[in-house]
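Data block below; observations after.
What follows draws every value from the coordinates through simple rules; no lab data is involved. Since this is a predicted model, take the numbers as computed values, not measurements. Note that we place each Cβ from the backbone using ideal geometry, even for glycine, and neighbour counts take in every protein chain shown.
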Amino acid sequence: MQDESFEFYPLQVHWLIPTTTNGPSPARFMQMVETKIKSDEWSQEWRNESEIVHRIVALHECVRYLELALSEHGFPFDVGEKTVAVLKSVLSTFSIGQAYTFIWRSAKDAAAFYVREGTHKKHAANTVPGSIQRMAERAIAQGWQVNGFRRDYRRPETSLSQVLFTTALRLQDGGLSTVPPKEPCAQIP
């Protein structure tokens, strides 16, 4: 079972490049890594793993955007199993940018619901995952042309997203307009 209290602070870690005294310099090592990532000489294992990482990063991009959308309306942010399942399902058909559209509209609708009904913020926030799911299902059933959002300046592209989507996978606009590879979403941790 995963420890829910685990936190990782990459900027507070001392990172070392794995080189030896008779090996390449750190700058040369980084150049070699970048060349390999940019090459088309990937093993099938790397390709398979990149698809898994693509789905994981896409999910986390959506979770970060959901956090932003909820905080804009003063709603508490609590991502549970249903929210993760809904976002995985949405990402099996839609791009990250299109998922952002559903997230933004659902948060806006939850804010309207909160004001109109005078309910608790937690209750209004809890309507968001179901709203995202219904919107995505309706979009599929009715053949909607869903325009994707761009990255919000308040949640800039992470280094991992930039390396994965732009450098390694060579996807336009940081992967926002690309549907993650099709695989059973149950494999995403």
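Each of Met32, Met135 was scored by other Cβ atoms within 10 Å of its Cβ. Arranged with the fewest first, they read Met32, Met135. Between Ile52 and His123, residue separation times 0.36 nm minus the direct Cα-Cα distance comes to 22.2 nm.
Sequence gap at least 6, Cα distance under 8 Å: using those rules, report the relative contact order of the chain to the nearest whole percent. Intermediate results must be reported in sequence, preceding the final value.
On the way: 165 pairs, mean separation 51.3, N = 189.
Here the relative contact order equals 27 percent.
The lysine pair count for the chain, using Cα distances under 27 Å and pairs eight or more places apart or on different chains, is 12. Label separation (Arg150 vs Val179): 2.5 nm, computed from points 7 Å beyond Cα along the C-beta direction. Compactness of segment 47-189 is given as radius of gyration and Dmax, 15.0, 50 Å, from Cα positions. When each of Glu34, Glu67, Glu45 is scored by the number of other beta-carbon atoms lying within 10 Å, the sequence from fewest to most is Glu45, Glu34, Glu67. For segment 74-89, putting each phi into the Karplus relation 6.51 cos²θ - 1.76 cosθ + 1.60 with θ = phi - 60° gives couplings of x, 8, x, 10, 8, 8, x, 4, 5, 4, 4, 4, 5, 5, 4, 5 Hz, in residue order, rounded to whole numbers and with x for Gly and Pro. In a GNM of the chain with a 10 Å cut-off on Cα contacts, which of Leu171, Leu66, Leu16 has the highest mean-square fluctuation? Of the options given, Leu16 has the highest mean-square fluctuation.
Computed about the Cα centre, the dipole magnitude for the chain is approximately 540 debye when only Lys and Arg (+1) and Asp and Glu (-1) carry charge, each at its Cβ.
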